[in-house]
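See below for the structure under consideration.
Values in this text are rule-based calculations from the coordinates and carry no lab data. Since the structure is predicted, the reported quantities are computational estimates derived from the model, not experimental observations. Methodologically, a virtual Cβ is constructed for each residue, glycine included, from the backbone with ideal geometry; neighbour enumeration extends over all protein chains shown.
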Amino acid sequence: MVAPDQVIKSFEFAKDVATHLITLGTAVIGVSLTFAKDVIRRVSTRLRIVLCLSWVFCLLSIAGGAFVLMSLAGELSRAAQPTIYQSGIRFCAILQIVFFGLAIVFSLIFAFAAAAEKEQHAALDG
């Protein structure tokens with residue numbers, strides 16, 4: 001049997017992870033939007049699509065995090081023996097993490113490919 005303090009602590013940690021990923025997803029969107037206005041005109045359509053996919057995955061990660069938080073609250077309020085391993089919580093948490101990972105991968109692909117395109121254009125112009 002798990003002690004009540006451990007259950008509460010596990011819910012706090014799960015909430016913190018979801019909240020941090022929501023914050024990081026929001027920051028990725030904010031930073032990439034800040035620099036996108038300068039870069040977006042100079043990159044290919046393919047790279048614009050990659051950047052948009054990054055934003056979509058960030059938004060999906062943020063939504064997944066919101067669902068994690070709602071699932072945690074629901075589990076605490078209705079279950080006799082609440083656990084963070086309830087299937088709804090796990091499903092939403094896994095989706096949040098996978099979408100965040102994909103957002104980071106697409107952001108990195110965009111950053112490196114945009115830099116490569118810039119070098120390529122500089123070499124052709126120079």
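Rounded to the nearest Å, what's the spacing between the alpha carbon centres of segment 28-53 and segment 75-126? Just the number, please. For segment 28-53 versus segment 75-126, the Cα centre distance is 16 Å. Residues LEU124, LEU21, arranged from fewest to most other Cβ atoms within 10 angstrom of their Cβ, appear as LEU124, LEU21. Converting phi to 3J(HN,Hα) with the Karplus coefficients 6.51, -1.76 and 1.60 and the offset θ = phi - 60°, segment 25-42 yields x, 5, 5, 4, 5, x, 5, 5, 5, 4, 8, 5, 4, 7, 9, 4, 6, 9 Hz in sequence order, with x at every glycine or proline. Each helix, a run of at least 4 DSSP H residues, gives -39500 (n - 2.57); summed and divided by the residues of the chain, these come to -32000 deg cm²/dmol at 222 nm. Backbone geometry of segment 101-112 corresponds, through the Karplus equation with coefficients 6.51, -1.76 and 1.60 at θ = phi - 60°, to 3J(HN,Hα) couplings of x, 5, 4, 5, 4, 5, 5, 5, 4, 4, 4, 5 Hz, x marking Gly and Pro.
Rounded to the nearest 10 degrees, the angle from helix 45-78 to the longest Cα principal axis of the chain is 10 degrees.
Once the convex hull of all Cα atoms in the chain is built, its volume per residue stands at 95 Å³.
Placing +1 on each Lys and Arg Cβ and -1 on each Asp and Glu Cβ, with no other charges, gives the chain a dipole about its Cα centre of roughly 280 debye. Sorting SER44, SER10, SER61 from the fewest to the most surrounding beta carbons within 10 angstrom yields SER44, SER10, SER61.
With contacts taken as Cα pairs under 8 Å and at least 6 residues apart, segment 4-125 reaches a relative contact order of 36 percent. Distance between the 7 Å Cα→Cβ label points at ARG48 and THR83: 5.0 nm. Within straight-line reach of LYS118, meaning a Cα separation under 30 Å, sit the following lysines at least 8 residues removed in sequence or on another chain: LYS37.
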